[in-house]
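Asks: Here it is: the structure, laid out below.
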Amino acid sequence: MFRTKQRGRDRPRTAPAAAAAALAVALVGCGTAEQAHLEGGPSSTRTEFTPRIGLLLPDTHTARWESFDRPLIEARIRQVCPGCTVDHANAQGGVATQKQQLDSMITAGVDVLVLNPVDSRALSPSVAKAADAGIPVVSYDRLADGPVSGFVSYDGRKTGRLQAEALLRAMGAEADGGRIVMVNGDPADPNAIALERGAREVLDGRVRIAKAYDTDRWRPEIAHARMSGAVAALGAGSIDGVYAANDGLAGGVVSALKANFVEPLPPVTGQDADLAAIRRIVAGEQYMTVYKPFEPMADAAAEMAVALGRGDPPDAIDPEGGDEATVRGVPAVLFDPVPVTADTVRDTVVRGGMYTIAQICTPKYASACAKAGLTV
């Protein structure tokens, strides 16, 4: 599926047919490389070359990047390529910072980049610079502009639809003609655009979108300010629901609603299944989130990066649960998201191993957890 040009580097090569066959075996499913090794066969796409991989993440105010995605990607790289090295950088939400980090990795001579861009358009020149240097870029979660070699993510449009459908269910009788506020993500992030598009496909014609805001860099404090403004403009008792594009924004929305004495709280959406959001859901402060198991996506990105870094053109990549797709002309692997409400926490994030009940149900949430049936 993913194809790259020979990049003219001085590295050991296998015959093209043998490399393609080995890579197809390695990428068909999780654990294949290890099984092949144990059985005495070829492991992964192993050439003697072990690429240096640059991993660039966008911020720390979204908990998942450093808590889940980074360690999962690094662990999978170590599994499929024990000799590979990973250079990691986090932009802390700064576009200029990420440009500098990306340029530094190009100068340092990394062989492949895994990039989650702070601003997809602003990073385009740097992505082009990487391509000019013969360094393929795997775009992670958010699709960067420019000559990207591959893309791994969840289906943003489907996520937006799931959020909107859940919001309508939570609104009940107010779903037809009720007033909602939309707190969308960063307009420079293609994911935010896809989320809003999917949500509006469900919401338009059903509810009145009284206010709609974009949120620069997905910052919760901006969501707090936007929601406070909406309450002031519309009135504390006239908001029937809030579409918040992710859990960080949902946290800002909920804090603003509480600060403005909005009671009862209207249903609020989210995504990413942050631990704080799961606790808010159990406590009845946030209605839902979207669970996007991070391990399959991290595995796919790691395997893709290793293959492209070695110069082995992947013929197929079919991680468990992923669908081959083309997004804006870029070969992609997309995964399906899962909605989570209070009554499905156990069957989703707990059963999936993301959190334990003990992590969710701290003493502060013990009573709410008992009501939700979340007991050990």
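Asks: Could you check region 174-270 for strands (runs of 3 or more DSSP E) lying wholly inside it with 2 or more residues that are surrounded by fewer than 23 Cβ atoms within 10 Å (Cβ to Cβ) and either at pLDDT 95 or above or among the charged types (D, E, K, R) (or both)?
Replies: Ranges flagged: 208-213.
Asks: Considering only residues that are part of a helix (DSSP H, G or I) and either of a type in the set (Phe, Trp, Tyr) or surrounded by fewer than 16 Cβ atoms within 10 Å (Cβ to Cβ) (or both), which ones fall in region 98-113?
Replies: Correct list: Gln100, Asp103, Ser104, Thr107, Ala108.
Asks: Say we look at region 301-324 and pick out the residues that are in a loop (DSSP other than H, G, I, E, B) and among the small types (Gly, Ala, Ser); which of these is modelled with the highest pLDDT?
Replies: Within region 301-324, the match that is modelled with the highest pLDDT is Gly311.
Asks: Now for a different question. Would you tally the residues in region 59-84 being surrounded by fewer than 15 Cβ atoms within 10 Å (Cβ to Cβ) and either in contact with a helix residue (DSSP H, G or I) (Cβ under 7 Å, 6 or more places away or on another chain) or in a strand (DSSP E or B) (or both)?
Replies: Number satisfying all stated conditions: 1.
Results for (1) under 21 Å from Arg157 (Cα atoms); (2) in the same structural domain as Arg78 (by TED's automatic domain parsing); (3) in contact with a Ser or Thr (Cβ under 6 Å, 6 or more places away or on another chain); (4) basic (Lys, Arg), shown as yes or no for each residue.
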site	(1), (2), (3), (4)
Ile281	no, no, no, no
Glu285	no, no, no, no
Glu303	no, yes, no, no
Arg310	no, yes, yes, yes
Ala342	no, no, no, no
Thr356	no, no, no, no
Tyr365	no, no, no, no
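Asks: For region 360-372, indicate whether the set of residues that are in contact (Cβ under 8 Å) with a residue 24 or more places away in the chain, over 23 Å from Arg161 (Cα atoms) and under 22 Å from the mean Cα position of the chain (by Cα) is non-empty.
Replies: Yes.
Asks: Which of the following residues is under 30 Å from Arg121 (Cα atoms) and of a type in the set (A, V, I, L, M): Ala210, Ala256, Ala276, Ala233?
Replies: On inspection, the qualifying residue turns out to be Ala210.
Asks: Can you find a residue that is closer than 16 Å to Val152 by Cβ and β-branched (Val, Ile, Thr) anywhere in region 116-130?
Replies: yes
Asks: Can you tell me how many residues within region 114-159 are of a type in the set (A, V, I, L, M, F, W, C), crowded, with 24+ Cβ neighbours inside 10 Å and outside any loop (DSSP other than H, G, I, E, B)?
Replies: Count: 7.
Asks: Further question on the same structure: Could you go through region 206-224 and let me know if any residue there is of a type in the set (Asp, Glu) and over 15 Å from Asn246 (Cα atoms).
Replies: There is no residue in region 206-224 that is of a type in the set (Asp, Glu) and over 15 Å from Asn246 (Cα atoms).
Asks: Something else now. Quick one: Gly134 ticks every box in (1) touching a helix residue (DSSP H, G or I) at 6+ places or on another chain (Cβ under 9 Å); (2) small (Gly, Ala, Ser); (3) not assigned by TED's automatic domain parsing to the domain that holds Asn184 except a single one, so which number is it?
Replies: If we test Gly134 against (1) touching a helix residue (DSSP H, G or I) at 6+ places or on another chain (Cβ under 9 Å); (2) small (Gly, Ala, Ser); (3) not assigned by TED's automatic domain parsing to the domain that holds Asn184, just (1) comes out false.
Asks: Hey, another quick one. The conditions are (1) closer than 18 Å to Ala332 by Cβ; (2) at pLDDT below 95, and Val114 fails exactly one of them. Which is it?
Replies: Of (1) closer than 18 Å to Ala332 by Cβ; (2) at pLDDT below 95, only one is false for Val114: (2).
Asks: Determine which member of the set Gly40, Gly109 is among the small types (Gly, Ala, Ser), modelled with pLDDT of 95 or more and more than 24 Å from the chain's Cα centre (by Cα).
Replies: Of Gly40, Gly109, the one residue that is among the small types (Gly, Ala, Ser), modelled with pLDDT of 95 or more and more than 24 Å from the chain's Cα centre (by Cα) is Gly109.
Asks: Would you mention how many residues in region 325-336 are closer than 17 Å to Glu295 by Cα and either among the small types (Gly, Ala, Ser) or modelled with pLDDT of 95 or more (or both)?
Replies: Adding up the residues that qualify gives 1.
The values are calculated or read from the model by the stated rules, or taken from the named source; none is laboratory data. Not measured: the values here are computed from a predicted model. Don't worry about glycine lacking a Cβ; one is built from the backbone with ideal geometry, like all the others, and counts go over all protein chains shown.
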